[in-house]
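Below is one structure, written out as structure tokens; the observations come after it.
The values are calculated or read from the model by the stated rules, or taken from the named source; none is laboratory data. Computed from a predicted model, the values in this text were never measured in an experiment. FYI the Cβ positions are ideal-geometry reconstructions off the backbone, even for glycines, and counts take in every protein chain you see. Accessible surface areas use protein heavy atoms only, side chains included; no ligands, DNA or RNA. Shrake-Rupley method; radii C 1.70, N 1.55, O 1.52, S 1.80 Å.
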Amino acid sequence: MDFRTACEEVQVLRNAGEEVTLTVSFLKRAPAFLKLPLNEDCACAPSDQSSGASSPLCDSGLHLNFHPNNTDTLSCSSWPASPGLRWEKRWCDLRLIPLLHSRFSQYVPGTDLSRQNAFQVTAVDGVCSGLIQCLSAEDSLDWLQAIATNISSLTKHNIKKINRNFPVNQQIVYMGWCEAREQDALQDRAYLPAFLALRGSCLYKFLAPPVTTWDWTRAEKTFSVYEIMCKILKDSDLLDRRKHCFTVQSESGADFYFSVELDSDLAQWERAFQTATFLEVERIQCKTYACVLESHLMGLTIDFSTGFICFDAATKVLCGQLR
């Protein structure tokens, strides 16, 4: 590309508007034979009459079936003189994204702006797939559903293995990524990735998935599931253009706003939260809280078998009971 052509392309990009779609051809590593000076005197050069499907210029994954493990050191003298020289295709991994504990998003990072027919996948170690553009919204949704299904399957399998090391009252019910809306949100960074986990009596909010037992003690936030309220938001309750959102209200009254990517993710979270709450309520059965009634310090016991009991904190005299 000469300087004049480059300037013309820069000008086209400047005048293209707010959204530009670029198609990039990427050659991971040029095979050694592409670097050779081919000419008519070279008897070992591939024939010009070969089809495009079998040409080494069409696929960076093509290799010599004669010596597939030594393409880096191929030279003109090392090529076989046989006219039956053939080329074979093989898969070439440009980027490998492990799906366990990975996350995906249709949104421009940190915002509520959804990309058209596009998404990206980010592995737990931060390796990103880059923007994957689909031909239609249906194709994009199909890919997202397939990726979400695989992530969910891998997560469930991993939870089963981890739960072998935890007692019955500390079992993991749910683990997964979401986006947390910042309370003092900036316009260009309103959302940040958050990893949520429901284990035993607690809801944990992490910056990254817990790997070791020690990681569970380093959660950014921890809530008792029987002291918080989860609300799945309707369209009229949403704060911005993000769909599939829910809030968690803590015992202090603070609201935490979360967003997930798909409707299936939201349904999975709701089922998991209800299950975790039910299991914990069934386990503890009874809980007593301190309260104030007409300037007197009282105790309020919530017993899931006998009902509500209110008593004087000093004398333990029963003031009332509601079954």
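Numbers for the structure displayed
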{"item": "Unique match (being within 25 Å of the chain's Cα centre (by Cα) and over 30 Å from VAL121 (Cβ atoms)) among GLN274, GLN285, GLN249, GLN268", "result": "GLN249"}
{"item": "Candidates LEU293, LEU297 - the one that is at pLDDT 85 or above and either surrounded by 11 or more Cβ atoms within 10 Å (Cβ to Cβ) or aliphatic (A, V, I, L, M) (or both)", "result": "LEU297"}
{"item": "Any chance THR277 is of a type in the set (Val, Ile, Thr), at pLDDT below 95, under 23 Å from ARG164 (Cβ atoms) and open to solvent by less than 90 Å² (accessible area, probe 1.4 Å)", "result": "no"}
{"item": "Lone qualifier among GLU270, GLU282 - being without any contact (Cβ under 8 Å) to a residue 60 or more places away in the chain and farther than 29 Å from TRP143 by Cα", "result": "GLU282"}
{"item": "All positions within the stretch 126-163 that are under 14 Å from the mean Cα position of the chain (by Cα), in contact (Cβ under 8 Å) with a residue 12 or more places away in the chain and closer than 27 Å to THR213 by Cβ", "result": "VAL127, ASN150, ILE151, SER152, LEU154, THR155"}
{"item": "Failed condition for LEU100, given (1) open to solvent by 30 Å² or more (accessible area, probe 1.4 Å); (2) under 22 Å from SER264 (Cα atoms); (3) out of contact with any helix residue (DSSP H, G or I) (no Cβ under 7 Å at 6 or more places or on another chain)", "result": "(3)"}
{"item": "Test: residue in the stretch 108-117 that is at pLDDT below 95, under 24 Å from GLU179 (Cα atoms) and in contact with a helix residue (DSSP H, G or I) (Cβ under 8 Å, 6 or more places away or on another chain)", "result": "yes"}
{"item": "Filter result for GLU220 (closer than 27 Å to TRP143 by Cα and in contact (Cβ under 8 Å) with a residue 12 or more places away in the chain)", "result": "no"}
{"item": "Residues within the stretch 225-260 that are among the hydroxyl-bearing types (Ser, Thr, Tyr) and open to solvent by less than 30 Å² (accessible area, probe 1.4 Å), tallied", "result": "4"}
{"item": "Qualifying residue in the stretch 303-314 (condition: touching a residue at least 40 places away in the same chain (Cβ under 8 Å) and open to solvent by 60 Å² or more (accessible area, probe 1.4 Å))", "result": "no"}
